[in-house]
Amino acid sequence: MPGNLEPLDLGIQIPYHFRCPISLELMSDPVTVSTGQTYDRTSIESWIATGNTSCPVTRLPLSDFTLIPNHTLRRLIQEWCVANRSNGVERIPTPKQPADPISVRSLLSQASAISGAHVSPRSRAAAIRRLRGLARDSEKNRVLIAGHNAREILVRILFADVDAGVETSSFSEVVSESLALLVMFHMTEGECESISSDPGRVGFMTRLLFDSSIENRVNAAALVEMVLTGSKSTDLKVIISGSGSVFEGVMDLLRSSVSSRRALKIGIKALFALCLVKQTRHLAISAGAPGTLIDRLAADFDRCDTERGLATVELLCRIPEGCAAFREHALTVPLLVKTILRVSDRATEYAAGALLALCTAEEKCRDEAAAAGLVMQLLLLVQSDCTERAKRKAQMLLKLLRDSWPDETVVNSDEFGRSEVGPF
């Protein structure tokens, strides 16, 4: 590139040595390789990850792949950004340094040490807390930490007391920190089943759902969802979901007035995972899931959580006691009707499925659904781009509702004969 200045698209000139030689863009995290050349960290890491072993500029072989942060250049770039703020240039943030493998090994060793004269529980908790901070910083750090057998170590730490047969009435800081870090990783099937196959560990995990700390309760619900999803054996899933206490713990989290957005998101994920185990869905009904689901769907969930909540409603409507419980809530049918074609294709499909179950079970629901405008919603649905499953459910609902169609609706007019609804 000629000269020491290069024009940006906005007409702002940027010093040439502030640009990464690979991406040709302003560097946000400049690092120096063994040849002395400086690149943006993301660009040079991608270069090395694709199998290149030479310096992109000099073409000399890299004696090692150590990337040394160029703090001086990064500060100069930040100063330049501040000086050009009036031109729309934003200051690059100071990057967080990636985890060091040696430090990760040391922290894991400290965390897994047996508490005693040389290692206190407080220092063990501090080591896990430091690892959690590193894991929060980046996916790369999480991969590095997981690569040092962190998940297995954390599972051992979390369940150390129950594995040793020690009864505890409260949970230590080490347990809380190890739980919070463990749920940041994706667990393998073997790791999940090492928990779900052990009744003692399942009981301990369930007790965590009732801890006085809301963070422990949320993280325990996250672990329940992870273990259920990761365990492939139905028998092992039943061990977890077969306890009414686990449903009660998750429902308490969803009902709590102090639950954060994260708590609600994890709570509905855990409830959905529990309700996928059809042998124990009746326990969700006993724990009051129908009423809580409708209340939360009417007020608090975002799109993704709404889809998962509606899927849970449909699952629970597949058993008679589920249908009966949802019918008792005055908002159930109006809420489901309102959801159709309003949130997403998935939400529409699940709402239609739940309505199909409810309307099949009781004529009162059919009349209520028709009065809420379901017929017109269904006619629009079958002519929309929704999923084929949603359209099939809509057609089945239309058959059920024929006797409930108001006289003034289009379905009783001559125009209905020319609609695209499939043959009854």
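The values are calculated or read from the model by the stated rules, or taken from the named source; none is laboratory data. From a predicted model like this one, the values you see are computed outputs, not experimental measurements. Every residue, glycine as well, gets a Cβ built from its backbone with ideal geometry; the counts of neighbours run over all protein chains shown. Ligands, DNA and RNA are stripped out before the accessible areas are found, and what is left, the full protein with its side chains, is counted by its heavy atoms. Shrake-Rupley method; radii C 1.70, N 1.55, O 1.52, S 1.80 Å.
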Checklist entry - Any residue in the range 291-313 that is open to solvent by less than 30 Å² (accessible area, probe 1.4 Å), over 20 Å from residue 344 (Cα atoms) and among the small types (Gly, Ala, Ser)? => result yes
Checklist entry - Restricting the range 139-181 to residues that are farther than 17 Å from residue 109 by Cα and of a type in the set (Gly, Ala, Ser), which is most open to solvent (accessible area, probe 1.4 Å)? => result 169
Checklist outcome for this item: Scanning the range 214-232 residue by residue, those open to solvent by 40 Å² or more (accessible area, probe 1.4 Å) and either touching a Ser or Thr at 6+ places or on another chain (Cβ under 8 Å) or acidic (Asp, Glu) (or both) turn out to be 214, 215
Checklist entry - Which number in (1) outside the structural domain of residue 154 (by the TED database); (2) touching a helix residue (DSSP H, G or I) at 6+ places or on another chain (Cβ under 8 Å); (3) surrounded by 17 or more Cβ atoms within 10 Å (Cβ to Cβ) marks the one condition that residue 44 misses? => result (2)
Checklist entry - Does residue 186 satisfy being surrounded by fewer than 19 Cβ atoms within 10 Å (Cβ to Cβ) and either farther than 24 Å from residue 221 by Cα or in contact (Cβ under 8 Å) with a residue 60 or more places away in the chain (or both)? => result no
Next on the checklist: Exactly one condition in (1) closer than 15 Å to residue 112 by Cβ; (2) acidic (Asp, Glu); (3) over 25 Å from the mean Cα position of the chain (by Cα) is false for residue 167; which is it?
Outcome noted: (1)
Item to check | Of all residues making up the range 113-138, the number that are over 28 Å from the mean Cα position of the chain (by Cα) and open to solvent by 40 Å² or more (accessible area, probe 1.4 Å) | outcome: 8
Checklist entry - What are the residues in the range 369-394 that are part of a loop (DSSP other than H, G, I, E, B) and either in contact with a strand residue (DSSP E or B) (Cβ under 8 Å, 6 or more places away or on another chain) or surrounded by fewer than 19 Cβ atoms within 10 Å (Cβ to Cβ) (or both), if any? => result 372, 373, 383, 384, 385, 387
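Quick one: would you say residue 200 is free of Cβ contacts under 8 Å to residues at least 24 places away in the same chain and either open to solvent by less than 30 Å² (accessible area, probe 1.4 Å) or not basic (Lys, Arg) (or both)?
No; evaluated as a whole, the condition is false for this residue.
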Item to check | Qualifying residues in the range 79-111 (those that are of a type in the set (Ser, Thr, Tyr) and surrounded by 12 or more Cβ atoms within 10 Å (Cβ to Cβ)) - the one farthest from residue 152 (Cα to Cα) | outcome: 94
Checklist entry - In the list 48, 77, 44, which residue meets the criterion of being of a type outside the set (Phe, Trp, Tyr) and farther than 21 Å from residue 15 by Cα? => result 48
Item to check | Test: residue in the range 267-280 that is open to solvent by 30 Å² or more (accessible area, probe 1.4 Å), assigned to a loop (DSSP other than H, G, I, E, B) and not basic (Lys, Arg) | outcome: yes
Next on the checklist: Going through 120, 109 one at a time, which residue ends up being at pLDDT below 90 and either assigned by the TED database to the domain that holds residue 175 or among the aromatic types (Phe, Trp, Tyr) (or both)?
Outcome noted: 120
Checklist entry - Just one of 153, 195 is assigned to a helix (DSSP H, G or I) and within 30 Å of residue 95 (Cβ to Cβ); which is it? => result 153
Checklist entry - Are any residues in the range 332-352 in contact (Cβ under 8 Å) with a residue 12 or more places away in the chain and farther than 13 Å from residue 369 by Cβ, and if so, which ones? => result 341, 343, 344, 345, 346, 347, 348, 349, 350
